[in-house]
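Student: What follows is a single structure, and I will ask about it in a moment.
The values are calculated or read from the model by the stated rules, or taken from the named source; none is laboratory data. Bear in mind that the values here come from a model prediction, so they are computed numbers and not experimental data. Cβ atoms come from the backbone with ideal geometry, glycine included; neighbour counts cover every protein chain shown.
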Amino acid sequence: MTMIQLAAALISVLYGGIACLRHRQPLFFKILLYGLISYFFGALFTACYSVVHGGGPVGFHVGYFGHIGAYFFLFSSYYGAIDHLADGGESKYRVLRIVSAIPAIVPIALLVWGIVNYGLSTMLPLLMLILPMTFTLYFAVKHLVFPDVEMGIIRVMRPYNGCVILFCIAELAGQFHYLPETVRTASAILSCLFLVLLLPLAEKGVRKWFI
């Protein structure tokens, strides 16, 4: 499974690099690409460790920083490059902002539940991963449910935002070790699929609003 994740990350990075060479890409797309590069290096460490030691690393390890970095870049791409275009801060959309935060609370709730039932030491590796994932989920859900703006940014980016949400869910399920092995395996496979789709969907969206 580690090799599949590495292959998926490599495909994504190559696609993003080629896309940047072929066409001028906006900052949003480039930040997203940096996040997938971070993910790739995390997967590369895990794969190399598995080859050398005959099994994957246990507990918190360097490979986690690749995942953590990926979500920080995803969050940055929303907050720093596109959210101000989609959300003008109108008070009439305050309810939508609050509703968008509800799904983002789920990872934190699952983490607390895991700590209560399995102890802090078992769940500690997830602690640094949950925070950037939570902010990423908030913006992805917000951009999915927000009404479209004049530039059409919300509408054309909805497939991408849906993919981000599914990617976060699959990644989250794959990280909780108390879940059945079949569930974690299926989640890992799905996360690889969504990972490969992220950049193509993002590029398709930004083509329609970036000039």
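Student: Are any residues in segment 42-64 free of Cβ contacts under 8 Å to residues at least 60 places away in the same chain, out of contact with any Phe, Trp or Tyr (no Cβ under 8 Å at 6 or more places or on another chain) and assigned to a helix (DSSP H, G or I), and if so, which ones?
Tutor: ALA43, LEU44, PHE45, THR46, ALA47, CYS48, TYR49, SER50, VAL51, VAL52, HIS53
Student: Of the conditions (1) over 13 Å from THR136 (Cβ atoms); (2) in a helix (DSSP H, G or I); (3) without any contact (Cβ under 8 Å) to a residue 40 or more places away in the chain, GLY89 fails just one. Which one is it?
Tutor: (2)
Student: Right, something else. Would you check if there is a residue in segment 131-144 being assigned to a helix (DSSP H, G or I), at pLDDT below 85, within 17 Å of SER191 (Cβ to Cβ) and out of contact with any Phe, Trp or Tyr (no Cβ under 8 Å at 6 or more places or on another chain)?
Tutor: no
Student: Search segment 106-135 for residues that are touching a residue at least 40 places away in the same chain (Cβ under 8 Å) and more than 18 Å from ALA173 (Cβ to Cβ) and pair each with any residue that is buried (at least 17 other Cβ atoms within 10 Å of the Cβ) and small (Gly, Ala, Ser) when their beta-carbon atoms are under 9 Å apart and the residues are at least 6 apart or on different chains.
Tutor: PHE135/ALA104
Student: Now for a separate question. LEU199 - would you say it is of a type outside the set (Gly, Ala, Ser) and either modelled with pLDDT of 85 or more or touching a Gly at 6+ places or on another chain (Cβ under 7 Å) (or both)?
Tutor: Numbers: of a type outside the set (Gly, Ala, Ser): yes; either modelled with pLDDT of 85 or more or touching a Gly at 6+ places or on another chain (Cβ under 7 Å) (or both): yes.
Judged against the criteria, LEU199 is a match.
Student: Tell me, yes or no, whether segment 22-40 has at least one residue that is within 27 Å of ARG155 (Cα to Cα), out of contact with any Gly (no Cβ under 9 Å at 6 or more places or on another chain) and either among the small types (Gly, Ala, Ser) or assigned to a helix (DSSP H, G or I) (or both).
Tutor: yes
Student: Further question on the same structure: Out of the residues in segment 136-184 that are free of Cβ contacts under 8 Å to residues at least 40 places away in the same chain and among the aromatic types (Phe, Trp, Tyr), which is surrounded by the fewest Cβ atoms within 10 Å (Cβ to Cβ)?
Tutor: TYR138
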